[in-house]
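The values are calculated or read from the model by the stated rules, or taken from the named source; none is laboratory data. Here the structure is a predicted model, which means the values were calculated and not measured. Note: ideal-geometry Cβ built from the backbone for every residue, glycine included; neighbour counts use all protein chains shown. Areas reflect the complete protein model, heavy atoms only, side chains present, ligands, DNA and RNA absent. Shrake-Rupley method; radii C 1.70, N 1.55, O 1.52, S 1.80 Å.
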Amino acid sequence: MPLNAQHQMAILKDILSNHQTDCCGTVSECEQVERLAQAMLANGTANEQVYRTLQNICEYTQTAKSAAHLDQHIETNKQNLSQWVEELSNLS
């Protein structure tokens, strides 16, 4: 059963929030975040602000997947993660 947009948003916020809080994560989580963000972008219902946020999240995950030190990458993006979760929460 495919996830609807509300469920996709909830999972996306949950994983990003965990990264922000724990300052650690896995490549699998980054891949899941990227798939969710890309699916949300592909459905074409995101407004301009959500679209930009999702694009930034995709860039974050693409860099994270190839980072030599994933936890350091997450720590470096802690403020971005917090901002993205807040933006997505305000729009959902």
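Numbers below:
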item: Under the span-like rule (Cα at least 18 Å along the axis, Kyte-Doolittle mean at least -0.5), DSSP H helices of the chain; result: 27-42
item: Positive minus negative residues near residue 89 (Lys, Arg vs Asp, Glu; Cβ under 14 Å); result: -2
item: For residue 22, solvent-accessible area (1.4 Å; no DNA, RNA or ligand), Å²; result: 90 Å²
item: Per residue solvent-accessible surface (Å²) - the chain, probe of 1.4 Å; result: 59 Å²
item: Rounded percent of accessible protein surface that carbon and sulfur make up, the chain, 1.4 Å probe; result: 46 percent
item: Over the chain: helical MRE at 222 nm, DSSP H runs n ≥ 4 each giving -39500 (n - 2.57), nearest 500; result: -26000 deg cm²/dmol
item: Sum of side-chain charges, residue 23 neighbourhood, beta-carbon under 10 Å (Lys, Arg +1; Asp, Glu -1); result: -2
item: The chain: relative contact order in percent, alpha carbon pairs under 8 Å with at least 6 residues between; result: 41 percent
